[in-house]
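Peer 1: Got a structure here, written out as structure tokens. Questions coming.
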Amino acid sequence: MRSGNPVLSESTFLDLGSGSVVTRDASAMTINGTVNRTAFLLFLTVLTAAFAWSQAFTATGEIAPGFPVYMWGGLIGGFVLALVTVFKKEWAPVTAPLYALVEGFFLGAISALYSHLYEGIVIQAVMLTFATLFAMLVAFRAGWVQATEKFKLGVVAATGGIFLVYLATIVLGFFGVDIPMIHGNGIVGIGFSLFVIVIAALNLVLDFDFIRTGAERGAPKYMEWYGAFGLMVTLVWLYIEFLRLLAKLQSRD
């Protein structure tokens, strides 16, 4: 049950208490139920993202002064709700939709910023994200990519390494130190973005495996919301990384 996604960890089904396994009835987690919950969360995210986008520009097409409120408010609010959901999984039926709504503000705002800087980049990132989701789902269902223990260990290790790099970037940024090699638009920077996208895509496989295992174990019904929430976290990460990669490529022109 290892997953590179920090919200879908190896111990998720081990710390649910005595109700971690239920009988095969309406109270048990199912794959179809998780799919429906994921679609609903995506719908909520699109709603608030569209609203944030509409508020991001002035009548002249410039970035609106209140734009940072949606971006930083959505980022911080989404992070807080994600933490609450991780530590209180049984609250997922409420916190997961709230996370989707709040995260939509962040995605809409940051997408508007990228769109202002690089024309056409947002639709490309959206299409690439869902194309990757579909491709990995097909590969997983067909058995072309299997979540073996070695596969999981490798993805988890790579995901942790990426997290440490981003954490170091944030910390060094407070001291005015930048890491231009991996965050620039050079060959190294583009290669790093491609590597991160591959790891994010492989995390989708682990998410699918996590959801399937939860359904097979008869996890409580609220774990459908938690599984959908975990999948949303990976999709948001993947979308942001596609935006970063496309921005690096366009900035080279």
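The values are calculated or read from the model by the stated rules, or taken from the named source; none is laboratory data. This is a predicted model, so every value here is computed, not measured. For neighbour counting, all protein chains shown are included, and Cβ atoms are generated from backbone atoms with ideal geometry for every residue, glycine included. Surface accessibility is based on the protein's heavy atoms, side chains included, excluding ligands, DNA and RNA. Shrake-Rupley method; radii C 1.70, N 1.55, O 1.52, S 1.80 Å.
Peer 1: For a quick check: with amide H placed at 1.01 Å from N, whose amide H comes under 5 Å from ALA64's, ignoring anything fewer than 5 positions away on the same chain?
Peer 2: PHE57, THR58
Peer 1: Then there is this: Among the helices of the chain (complete DSSP H runs), which have Cα atoms covering no less than 24 Å along the helix axis and a Kyte-Doolittle mean of at least 1.0?
Peer 2: Helices meeting the criterion: 67-87, 92-117, 121-142, 149-173, 187-217.
Peer 1: List every residue whose amide H lies under 5 Å from the amide H of ALA28, counting only residues 5 or more places away in sequence or on a different chain, with H placed 1.01 Å from N in the peptide plane.
Peer 2: Placed amide hydrogens put nothing under 5 Å from ALA28.
Peer 1: Next question, about the same structure. What percent do you get for the relative contact order of region 117-253 when only Cα pairs under 8 Å and 6+ apart count?
Peer 2: Value for region 117-253: 40 percent.
Peer 1: Still on this structure: What Kirkwood radius, in Å to one decimal, follows from the Cα pairs of region 31-251?
Peer 2: 18.4 Å
Peer 1: Moving to a separate point now. Give me the percent relative contact order of the chain, please, defined on Cα pairs under 8 angstrom at least 6 residues apart.
Peer 2: 36 percent
Peer 1: Probe radius 1.4 Å, ligands and nucleic acids ignored: give me the carbon and sulfur share of the accessible area of region 31-251 as a rounded percent.
Peer 2: Carbon and sulfur atoms account for 75 percent of the accessible area of region 31-251.
Peer 1: Taking GluC sites (Glu not before Pro) as candidate sites, keep only those in a DSSP loop with at most 11 other Cβ atoms within 10 Å, then name the longest stretch of the chain containing none of them.
Peer 2: 120-253
Peer 1: Something else about it: How many Å² of accessible area per residue for the chain, probe 1.4 Å?
Peer 2: In whole numbers, the chain has 50 Å² accessible per residue.
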